[in-house]
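One structure is given here, and the rest of the page talks about it.
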Amino acid sequence: MTIDEIKNLRETEDKVEFKQATTQYNYNNGRRSVLGYIVALANEKGGKLILGVTENPNPPHIISGSQAFAGREGQLEQDIYRDLQIRVQTEVLHEGNNRVLVIHIGSRPIGRYLTFQDVPLMRVGEDLHPMNQDQIRTILLEQESDFSATICDNIGIQDLDTAAIAILKSRYADKQNNKIFIAQSNEQVLSDLDLLQDGRLTHAALILLGKREVIRRHLPQCSINLEYRSNPDSIQFDKRDTFTDPYFVLIDELWKIIDARNKKKHIQIGSYIIDIPELNDEVIRESINNAVAHRDYSKASEIIIKHSPHLFSVSSHGGFPLGVEIENILTVNSTPRNRLLADVLTKTGLVERSGQGVDKIFYQTLSEGKDSPSYSDSDLFQVTVKIPVVIKYPVFALFIRNIQKGLEENEKLGVNHMITLARIREHKDLNARDKELIPRLIDVGAVTESKDGVILSDRYTELVEELEGTDTNKIIEFIKVNAPVKMGDILALFSHRLTRRQVNNMVFKLVDEKVIASSGKGTATTYSLKE
């Protein structure tokens, strides 16, 4: 944007708000503040707040200059996101010595209005007022168009990847138990799945089946970036792979690279032996499938996957589907943003029916003894799911397997039971839904009631005690071979499987029982076997 362009803008037609703000401007005190105008302009589907220009609604405008937020433009962007979860961009222009600050504001999501201090704001002349009910109703009735069902001009069947079509046919035939489907012509298959409409291919066909070079030409943002960091806090990634293949080919190639870094945790408690992968195949695929089906393809932003030894996350542009929030993500059946694409993925067995994919992510992750997945980094414009990798509660994982093993298929515990059991394990307060599930958990022998409330049953306690006995012997053997050793050496034995507190308790108990001896103080303390 240039100064000359600013001088000729019209406030209403060009969705601009001018403020003179010679020295400073109110950030958040009342409606007529930076935050108030940002919300109002976002509700108008985007605009610009410009500081340092005389407040005339019509051109030509006079550049007066403003020192508001000078040198703090980046911090201003961060503060606005912190307070409103709206991403803005700042731009500084000059006319002579006069500085102009332009704040570029994007549109609110379709079907949602934004609020400041719990009030949905709109501009009325030079002032801000609460939205009237008609405007609120109009916004709430907005529907997102299905981008994946729109026609992609200038491509034909020759632009589709034959290997991807073969995979689609095979998957559909297996899922629908219809082997005849494989023998059908490509045109018939595409038509049956609505990927070919009146002889023209849809964007869903391009995303799922298009050749790499064709996707790059017609929909370059349709790619997935996989970043690996050995240190999750590092800004720079260790390795980055970019995928722009047809999705039916891409997902298996992507999983191969992810799985190459996958590790299995070998857990043995007495006669019980299980192996748990850090990255569960179904969970990882489902999280990526969800991003592909729900992302906003109109935005020039790729799907970003971040992998580290402790966490796996998937981020995609476009907020939650209408009606879905972080609080109800497990209870509301969502409507995919790209319905045709999601429908094809469902019919070919790549994704679960609507709403069940997230259930699977939570169920599998919790039942494998990991912390709960989280959507806490999501906002109105982006969805991020964070999936823990570390198997923090191996005993809990074995406990769940033993419980489920004794139940008939139609009686097995579900995702809400897993969430409740995890809350009980961590001694968290139970909500109303948790309490409704307690009788069932008692029936299957997973929990019991005590004077201190509901706790995990004796079956869990016995496993804990058996594991501690095994781990105690492991510590003794380690000290016998390597003495003198420090606490850090003993901690490393358990490779994050146990907490520092758990290891400390076992070591201190061995000292109290005079099995091992300690020498020194603080971080210099060493341990060896008693004679």
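The values are calculated or read from the model by the stated rules, or taken from the named source; none is laboratory data. From a predicted model like this one, the values you see are computed outputs, not experimental measurements. Backbone-built Cβ (ideal geometry, glycine too); neighbour counts: all protein chains shown. Ligands, DNA and RNA are stripped out before the accessible areas are found, and what is left, the full protein with its side chains, is counted by its heavy atoms. Shrake-Rupley method; radii C 1.70, N 1.55, O 1.52, S 1.80 Å.
When you filter the trypsin sites (Lys or Arg not before Pro) in segment 284-386 for DSSP loop state and at most 16 other Cβ atoms inside 10 Å of their Cβ, you are left with 299, 353.
Accessible surface computed residue by residue for the chain, with neighbouring protein chains in place and a 1.4 Å probe, gives 50 Å² per residue. Report, in degrees rounded to the nearest 10, the 0 to 90 angle that the Cα long axis of helix 356-367 makes with the longest principal axis of the chain. That works out to roughly 30 degrees.
Where q = 0.11, 0.14 Å⁻¹, what log10 of I(q)/I(0) comes from the Debye formula for segment 1-106, counting one point per Cα? Evaluating at q = 0.11, 0.14 Å⁻¹ gives log10 I(q)/I(0) of -0.29, -0.47. A viscosity of 1.306 mPa s and a temperature of 10 °C, combined with the Kirkwood radius over C-alpha pairs in the Stokes-Einstein formula, give segment 271-397 a diffusion coefficient of 105 µm²/s.
Across the alpha-carbon set of the chain, the Rg to Rh ratio works out to 1.05, Rh being the Kirkwood radius.
So if the hydrodynamic radius of segment 219-292 is defined as the Kirkwood radius over C-alpha pairs, what does Stokes-Einstein give as its diffusion coefficient at 4 °C and 1.567 mPa s, in µm² per second? Here the translational diffusion coefficient equals 90 µm²/s.
Here the Karplus relation 6.51 cos²θ - 1.76 cosθ + 1.60, evaluated at θ = phi - 60°, turns the backbone of segment 233-242 into coupling constants of 8, 6, 6, 7, 7, 6, 8, 9, 10, 10 Hz, with x for every Gly and Pro. Excluding same-chain neighbours fewer than eight residues apart, the aspartates and glutamates reachable from residue 480 by a Cα-Cα span under 20 Å are 468, 471, 489, 512, 513, 531. Among the protein heavy atoms of segment 237-291, carbon and sulfur supply 46% of the accessible surface, probe 1.4 Å, non-protein parts ignored. Tell me the angle of helix 281-294 to the major Cα principal axis of the chain, expressed in degrees between 0 and 90 and rounded to the nearest ten. Approximately 10 degrees, to the nearest ten. What is the angle, in °, between the Cα long axis of helix 500-512 and the longest principal axis of the Cα atoms in the chain? Nearest 10 is fine, range 0 to 90. In the chain, helix 500-512 runs at an angle near 20 degrees to the longest axis.
May I ask you to give the percent of accessible area on segment 303-393 that is carbon plus sulfur, with a probe radius of 1.4 Å? Before the final figure, lay out each step's value.
Values: 1620 of 3270 Å².
Roughly 49 percent, rounded to a whole number.
Size descriptors for segment 126-214, from the alpha-carbon set: Rg then Dmax equal 19.8, 67 Å. Its Cα gyration tensor gives segment 84-174 an equivalent ellipsoid, and the semi-axes of that ellipsoid, as √(5λ) in whole Å with the largest first, are 44, 24, 12. Ligands, DNA and RNA left out, the 1.4 Å accessible surface of segment 66-196 is 46% carbon and sulfur atoms.
Of 175/263; 451/486; 265/386; 264/474, which pairs sit farther than 28 Å apart, going by alpha carbon to alpha carbon? Please list the in-between numbers first.
Working: 175/263 30 Å; 451/486 39 Å; 265/386 20 Å; 264/474 20 Å.
Among 175/263; 451/486; 265/386; 264/474, the Cα-Cα distance tops 28 Å for 175/263; 451/486.
The equivalent ellipsoid that matches the C-alpha gyration tensor of segment 340-429 spans semi-axes of 25, 19, 11 angstrom, in descending order. Here is the list for segment 387-481: trypsin sites (Lys or Arg not before Pro) lying in DSSP coil, each with at most 10 other C-beta atoms within 10 angstrom of its C-beta, are 451. Along segment 193-202 the Karplus relation, 6.51 cos²θ - 1.76 cosθ + 1.60 evaluated at θ = phi - 60°, assigns HN-Hα couplings of 8, 6, 7, 10, 10, 6, x, 10, 7, 8 Hz to successive residues, with x for each Gly and Pro.
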